[in-house]
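Written below as structure tokens is the structure these notes are about.
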Amino acid sequence: MNIRSIPEKQYEVIAKVMPILTVDLILKDKKTKKYILLRRSNSPLRNFLWTPGGRVFKNENFDEAASRKTEEEVGIKISPEKFLFKGVLDFRSDKHRFSRIKDGLHTVSMVYECMEYLDSELISVDPQSESYELSDHLPYVFVENSVNQFIEE
């Protein structure tokens, strides 16, 4: 077990009483000007095209989390200093994996952007996603303004 992983039952208790801190990553290829979006396998956002991202670990800087999640979720290593803070995404969803949480999952995500030359042949998605797409557009919540609220219905 990863030393930073949380057993599922404990994670559910945490998620029941407080928001989960995450990063969402806007990864844009400098050459094609397209974004990397993942077709998610897990709830929330199952079957949605969404940006890479995930939970921030204790004592981890946000830009370090952005770099780690990029490598874990799309197989591309990008150094932390290349990520720029874009805003906060306040995300709530009734679609989640926890049976005892009746009032929805709440995450607060620091949104970071990185524009790099991204070789699409090197992209490899982790099991949280079915596939990836290179897209001209981001999900709407990332383009409305720098601080967003998104409630999935």
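The values are calculated or read from the model by the stated rules, or taken from the named source; none is laboratory data. These figures come from a predicted structure and were not determined experimentally. In this analysis, Cβ positions are derived from the backbone assuming ideal geometry, glycine residues included, and neighbour counts consider all displayed protein chains.
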Can you tell me which residues in the range 128-140 are modelled with pLDDT of 90 or more and surrounded by 14 or more Cβ atoms within 10 Å (Cβ to Cβ)? SER129, TYR132, LEU134, LEU138
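Residues checked against (1) of a type in the set (A, V, I, L, M, F, W, C); (2) surrounded by 14 or more Cβ atoms within 10 Å (Cβ to Cβ); (3) over 13 Å from the mean Cα position of the chain (by Cα); (4) modelled with pLDDT under 95:
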position: LEU45; (1), (2), (3), (4): yes, yes, no, yes
position: TRP50; (1), (2), (3), (4): yes, yes, no, yes
position: PHE62; (1), (2), (3), (4): yes, yes, no, no
position: LYS69; (1), (2), (3), (4): no, yes, no, no
Hey, could you check the range 35-87 for residues that are of a type outside the set (D, E, K, R) and assigned to a helix (DSSP H, G or I) and say which is farthest from SER109 (Cα to Cα)? VAL74
Those residues of the range 101-110 which are farther than 21 Å from VAL23 by Cβ and either at pLDDT below 70 or in contact with a Pro (Cβ under 7 Å, 6 or more places away or on another chain) (or both), in sequence order: ILE101
For the range 74-83, which residues satisfy the criterion of being closer than 15 Å to THR51 by Cα and surrounded by fewer than 16 Cβ atoms within 10 Å (Cβ to Cβ)? GLY75
Please go through the range 115-127 and pick out each residue that is crowded, with 17+ Cβ neighbours inside 10 Å and out of contact with any Gly (no Cβ under 8 Å at 6 or more places or on another chain). LEU118
When every residue in the range 1-31 that is outside any strand (DSSP E or B) and of a type in the set (Asp, Glu) is compared, the one surrounded by the most Cβ atoms within 10 Å (Cβ to Cβ) is GLU12
